[in-house]
Amino acid sequence: MATEHALFTAALGLSAPWEVSDIRFDAEAKRIDFDVTFASGSRFACPACGAEGQPVHDTRQRTWQHLHFFEHQAYIHAAVPRVCCQDCGKTAQVEVPWARPGSGFSQLFEAMVITLCREMPVRKVAELLCVGDDALWRILDHYVETARAQEDFGSVRAVGIDETASRRGQNYITVFQDLDARRLSTWCSWPTRPSTRSARAWRLKEALRDILTSGANRGEAEGKLKAWYSWARRCRLEPFKRFALTVKAHWQGILNRFDSRLSNGAVEGMNAQIQAAKARARGFRHLRNLITISYLVCGKLTHLPASPYRTTSSAAAA
């Protein structure tokens, strides 16, 4: 039995003072439970101030869902110690090495969620992993926001802008893309209601888009832009009248686009990816979920958890 416990201690990636103390297997329920404990007399660092070697004050029983073992759901159970720090005087719960604070899932489980949700609808992943999709959205939101906070956009030099509807006839979302890296940079959202004024604004916007995307050369584009400017200044829509003045102020920079030949094609392609994600999910209950999945699929975030099944062996690399 000691050999079996040592095997699963290694399989769970545990190290001293943590080890598997008991295993309970229920074939009918298709479930396996691991009891994890720490060696008697173990001391831990204070979570509040980091002081090493603090004695255990008491414990609190916790449970985490882990990756499936074959077709069986797996759970980790542990009495998590709290330390009463002799340096700062605070009593705080120790962080366990297999899960992030406050989560009911192991880090490997959450890494699998990230991996699957990049390729599959969240609801399908929830069914596969036997959890509610709200729990998965909380995982995605945490890691996407954490990864975004570590991204550096200081080198962005070319930005593409497009719009997509989060729901038909409701909120429109503006998408900003780093054209060089071909990744989603940020979102901005404005509720709109159909009206004569909004229809006029839409025509103005589409006319300007057409000039920027179909102008054959700088001279042709400038002629069309002058006509658009005159229209916008007489449109009786104050935001567009002000915007026309902004266009006038950046006139030469806008026309330089026809020398650089930068286009919005990459942004349109990203919009298609976002629309495909929406179609797979048959819509999103919350706007926040659409934003989160879009960053996951299109953001090229470099600080997300790696797939738990990605090999790192030199043989595989060769």
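The values are calculated or read from the model by the stated rules, or taken from the named source; none is laboratory data. Just so we're clear, the structure is a prediction, and the values are computed from it rather than from any experiment. Don't worry about glycine lacking a Cβ; one is built from the backbone with ideal geometry, like all the others, and counts go over all protein chains shown. What goes into the accessible areas is simple: the full protein's heavy atoms, side chains included, and nothing from ligands, DNA or RNA. Shrake-Rupley method; radii C 1.70, N 1.55, O 1.52, S 1.80 Å.
Assorted remarks:
- Any pair with Cβ under 9 angstrom, 6 or more apart, that starts in region 115-127 at a residue that is more than 13 Å from residue 137 (Cα to Cα) and among the polar types (S, T, N, Q) and ends at one that is in a loop (DSSP other than H, G, I, E, B) and open to solvent by 80 Å² or more (accessible area, probe 1.4 Å): 115/309; 115/310
- Here residue 170 meets each of (1) surrounded by fewer than 15 Cβ atoms within 10 Å (Cβ to Cβ); (2) outside any helix (DSSP H, G or I); (3) polar (S, T, N, Q); (4) at pLDDT 85 or above with one exception, condition (4).
- Subset of region 18-30 [open to solvent by 40 Å² or more (accessible area, probe 1.4 Å) and either outside any strand (DSSP E or B) or within 20 Å of residue 99 (Cα to Cα) (or both)]: 19, 21, 22, 27, 28, 29, 30
- Selection from region 31-41 of residues that are open to solvent by less than 70 Å² (accessible area, probe 1.4 Å) and either at pLDDT 95 or above or touching a strand residue (DSSP E or B) at 6+ places or on another chain (Cβ under 7 Å) (or both): 32, 33, 34, 35, 36, 37, 38
- Filter pass, residue 147 being touching a strand residue (DSSP E or B) at 6+ places or on another chain (Cβ under 8 Å), of a type in the set (A, V, I, L, M, F, W, C) and either modelled with pLDDT of 90 or more or within 24 Å of residue 309 (Cα to Cα) (or both): no
- Hits in region 287-318 (condition: at pLDDT below 80 and open to solvent by 70 Å² or more (accessible area, probe 1.4 Å)): 309, 310, 311, 312, 314, 315, 317, 318
- Only one of the listed residues (73, 93, 107, 65) is in contact (Cβ under 8 Å) with a residue 40 or more places away in the chain and touching a helix residue (DSSP H, G or I) at 6+ places or on another chain (Cβ under 8 Å). That residue is 65.
- Among the candidates 76, 139, residue that is under 22 Å from residue 40 (Cα atoms) and either buried (at least 20 other Cβ atoms within 10 Å of the Cβ) or hydrophobic (A, V, I, L, M, F, W, C) (or both): 76
- Residue count, region 206-228 (criterion: open to solvent by 50 Å² or more (accessible area, probe 1.4 Å), without any contact (Cβ under 8 Å) to a residue 24 or more places away in the chain and in contact with a helix residue (DSSP H, G or I) (Cβ under 6 Å, 6 or more places away or on another chain)): 1
- Residue check, residue 277 modelled with pLDDT under 80 and either surrounded by fewer than 16 Cβ atoms within 10 Å (Cβ to Cβ) or aromatic (Phe, Trp, Tyr) (or both): no
- Residue, farthest from the chain's Cα centre (by Cα), within region 254-274, restricted to residues that are open to solvent by less than 50 Å² (accessible area, probe 1.4 Å) and modelled with pLDDT of 80 or more: 255
- Checklist (1) open to solvent by less than 50 Å² (accessible area, probe 1.4 Å); (2) more than 26 Å from residue 304 (Cα to Cα) applied to residue 106, failing item: (2)
- Selection of region 222-236 for residues being aliphatic (A, V, I, L, M) and more than 12 Å from residue 201 (Cα to Cα) yields 225, 227.
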